[in-house]
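Notes for the one structure printed next.
The values are calculated or read from the model by the stated rules, or taken from the named source; none is laboratory data. These figures come from a predicted structure and were not determined experimentally. In this analysis, Cβ positions are derived from the backbone assuming ideal geometry, glycine residues included, and neighbour counts consider all displayed protein chains.
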Amino acid sequence: MARDTRPVSGRALEREILGRLVASERSEFLALYGRRRIGKTFLVRRFFADAPVVMFEMVGRFEGTVSDHMQIFAESLSAAFYDGAPLAPPRSWHEAFRALQDAVERATRAGSRSKKKRKVVLFFDELPWMATHRSGVLRELEHFWNAWCSKRRDILLVVCGSAASWMLEKLVHARGGLHNRLTQTIRLLPFTLAETKAFLDERRIHFAPRDLLELAMIFGGVPHYLDHVGRGQSVAQVVGRVCLAKDGALRGEMDRLFASLFDDAASYVDVVRALAKRRRGLTRNELLAAVDLPSGGGATTILENLAEAGFITSSIPFGRTSRDRFFRLTDEFSLFHSKWLAERPPASWQHARKTPRWEAWAGLAFESLCLAHVDAITRALGISGVETRASAWLHADAQIDLLIDRADNVISVCEMKFTDEPFVITKRYADELRNKLAVFRAQTGTKKTLHRVFVTSYGVVDNAYAKELVDRTVTMEALLT
């Protein structure tokens, strides 16, 4: 297989952590998790391809049996330590880890004359798929680390999985033999807008800021999806080819993705699509009613798993308690898929842009993108050094999607608008905003100063209403840095 030489875009913190683990003078145990398509395997392979290490890699098979994984283990062991020579599959995970131990000791003895010791990286990718019923892999992994790896100074054990909830329960927050055994965790998240731009720039794919924003509103910061963006194509061409065409690579992605991540995937998809229909989000009871799920442990598991995988977020509205927690769909591609591909896909993206349906989707998608980049907004406002808390505010007569409550006695009330031109504040909109702020102050009783901030694509037209109502503007350029 040809060596992958593509650069690792972004991931500066993660690369720093990996470098520190390689340089460590003790054995290290890393758990790396994050949703599928986010680039976990690519990050590990590319980073260690350029590092002074010996590397073993085994990849779990979706719905694979223990027998399947023993065969995969034998092939992986042979590729790493025996030049591809045929090896008999081990009969159990106990035998497998013993064979791995023997192979590492043999390899390190052969290289013992070297003055510079090299880390041995043992990479188990998609570990949750290996942990089938009664496989015993976790029990044997625990023993392998405790009895052998931890006594050495040259092992970097890396376990990786897309099932975030499984990784957290079985490894990060393990209560058994793996309790407190991890020395490092990495949760890999989607690219920020700045990282998305860097990812495309490195591939010599350049978009104007507004088009880059729209692309991010469709694909989010998921590297696998961004890999489908072709050089020299417009956003409309990319969407048409990748998403709208009957054989488009991402046309049925949501069903495939959820089936690989969750048991009872249909219930998870139902929750996502219910949230896609409500701009403000839904309370737990509203959500359960919308998808006809009984309240209880099963519903809690679904919501927790979706949150851990990064598809939804929950938050407590300003001035409310945890009982008023509500849920929002914050994964951009899931929102796009639910709005455009689940039913009635448009003939072309260029045509779709001219419809009210597009305006409704774009408004919600841009809000979601802004909520994921509150740090960039606070930097643009010059308040990065001020303690802040971001939240929404919900009321029967008004709603504010983003409040930045500040320790300097100010609340930044953010209005988020995605347009093709500078946003125009009309008399009607000005009246709505005045009323919203009046209701907010009356209902919350806040005595803080309210700053009205407009986060927009191209700023705000400087008319009489803007002079009265706009304290600060944040444009898309600030979100991209």
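A few points about this structure:
- Scan of the range 201-238 for residues that are modelled with pLDDT under 95 and hydroxyl-bearing (Ser, Thr, Tyr), ordered by number: none
- Test result for Arg204, assigned to a loop (DSSP other than H, G, I, E, B) and in the same structural domain as Arg35 (by TED's automatic domain parsing): no
- All positions within the range 409-432 that are under 33 Å from the mean Cα position of the chain (by Cα) and not in a loop (DSSP other than H, G, I, E, B): Val410, Ile411, Ser412, Val413, Cys414, Glu415, Met416, Lys417, Phe423
- Residues in the range 439-453 that are closer than 13 Å to Phe318 by Cα and assigned to a helix (DSSP H, G or I): Phe440, Arg441, Gln443, Thr444.
- Among the residues listed as Thr321, Thr330, the single one being among the β-branched types (Val, Ile, Thr), in the same structural domain as Val235 (by TED's automatic domain parsing) and out of contact with any strand residue (DSSP E or B) (no Cβ under 9 Å at 6 or more places or on another chain): Thr321
- Candidates are the residues of the range 183-238 that are touching an Asp or Glu at 6+ places or on another chain (Cβ under 8 Å) and hydrophobic (A, V, I, L, M, F, W, C); the one that is farthest from Gly19 (Cα to Cα) is Val235.
- Comparison of Ile312, Ile302 shows that the only residue that is touching a strand residue (DSSP E or B) at 6+ places or on another chain (Cβ under 8 Å), at pLDDT 90 or above and of a type outside the set (Lys, Arg) is Ile312.
- Summed over the range 181-204, residues that are of a type in the set (A, V, I, L, M) and over 30 Å from Arg139 (Cα atoms) total 4.
- Residue selection: Leu171 satisfies the criterion of being modelled with pLDDT under 95, under 22 Å from Leu30 (Cα atoms) and of a type in the set (A, V, I, L, M).
- Residue within the range 120-137 that is charged (D, E, K, R) and under 28 Å from Asp83 (Cα atoms) present: yes
- The sole residue among Leu275, Leu293 that is farther than 30 Å from Glu359 by Cβ, in the same structural domain as Thr355 (by TED's automatic domain parsing) and either surrounded by fewer than 21 Cβ atoms within 10 Å (Cβ to Cβ) or in contact with a Lys or Arg (Cβ under 7 Å, 6 or more places away or on another chain) (or both) is Leu293.
- Residue check, Lys436 part of a loop (DSSP other than H, G, I, E, B) and more than 18 Å from Glu359 (Cβ to Cβ): no
- His133 being within 21 Å of Ala174 (Cβ to Cβ), at pLDDT below 95 and not basic (Lys, Arg): yes
- Whichever residue in the range 341-375 is in a loop (DSSP other than H, G, I, E, B) and in contact (Cβ under 8 Å) with a residue 24 or more places away in the chain and, among such residues, is surrounded by the fewest Cβ atoms within 10 Å (Cβ to Cβ): Ala347
- Filter result (surrounded by fewer than 17 Cβ atoms within 10 Å (Cβ to Cβ) and assigned to a helix (DSSP H, G or I)) within the range 315-334: Ser322, Arg323, Asp324
- In the range 131-151, the residue that is surrounded by the fewest Cβ atoms within 10 Å (Cβ to Cβ) out of those that are touching a residue at least 24 places away in the same chain (Cβ under 8 Å) and among the hydrophobic types (A, V, I, L, M, F, W, C) is Trp148.
- On inspection, Leu168 qualifies as under 20 Å from the mean Cα position of the chain (by Cα), not polar (S, T, N, Q) and not in a loop (DSSP other than H, G, I, E, B).
- Among residues of the range 393-408 being assigned to a strand (DSSP E or B), in contact with a strand residue (DSSP E or B) (Cβ under 9 Å, 6 or more places away or on another chain) and surrounded by fewer than 20 Cβ atoms within 10 Å (Cβ to Cβ), the one that is modelled with the lowest pLDDT is Leu394.
- Unmet requirement for Val159, which otherwise passes all of (1) at pLDDT below 95; (2) part of a strand (DSSP E or B): (1)
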